[in-house]
Amino acid sequence: MVGLYDFSVCISMLNEEDNVGQCIDSILESSKGFNCELLLLNNGSTDDTKEILSGYEYIENCQVVSFDQTVGLNLARNFLLKRCNSKLAVFLDADGVVSPNYFSILLQNISPEFS
């Protein structure tokens, strides 16, 4: 059974070779001590995003999927959402990083009003 403190972190990316490594590494660091899964979608990138993501496939609870062609952001997010195995899905952009206490802050601010 999935608990309230589980997170699915979803990232759809397109041509983010310059950013994706730093983004994922910040999530991995911040999620230590939490039950998280990482869902990564290469949305038809033409740069080296797909190759960079392949380096993260070995991580436990990490799924990497690559589309050959780009689909709209809503379709990509729905694709990821259907694969989530937790009650809480977090969608992030690949061109950002999260703070070391990101998941702790999320837990402090969770309320039934969130959707």
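Summed over region 1-17, the residues that are surrounded by 20 or more Cβ atoms within 10 Å (Cβ to Cβ) and either modelled with pLDDT under 95 or closer than 21 Å to Ile110 by Cα (or both) give a count of 5. Scanning region 18-50 for residues that are more than 12 Å from Asp93 (Cα to Cα) and open to solvent by 70 Å² or more (accessible area, probe 1.4 Å) yields Asp18, Asp25, Glu29, Lys32, Gly33, Asn35, Thr46, Asp48, Lys50.
Glu57 meets all of the listed conditions (1) in contact with a strand residue (DSSP E or B) (Cβ under 9 Å, 6 or more places away or on another chain); (2) without any contact (Cβ under 8 Å) to a residue 60 or more places away in the chain; (3) open to solvent by less than 30 Å² (accessible area, probe 1.4 Å) but one, namely (3). The residues of region 60-105 that are open to solvent by less than 90 Å² (accessible area, probe 1.4 Å), touching a residue at least 24 places away in the same chain (Cβ under 8 Å) and over 15 Å from the mean Cα position of the chain (by Cα), listed by number, are Phe67, Thr70, Val71, Asn101. In region 1-105, counting only helices (runs of 4 or more DSSP H) that sit wholly within it, the ones holding 3 or more residues that are in contact with a helix residue (DSSP H, G or I) (Cβ under 9 Å, 6 or more places away or on another chain) span 20-30, 49-54.
The values are calculated or read from the model by the stated rules, or taken from the named source; none is laboratory data. Bear in mind the structure is a predicted one, so any value in this text is a computation, not a measurement. Note: ideal-geometry Cβ built from the backbone for every residue, glycine included; neighbour counts use all protein chains shown. Only protein heavy atoms, including side chains, enter the accessible area calculation; ligands, DNA and RNA are left aside. Shrake-Rupley method; radii C 1.70, N 1.55, O 1.52, S 1.80 Å.
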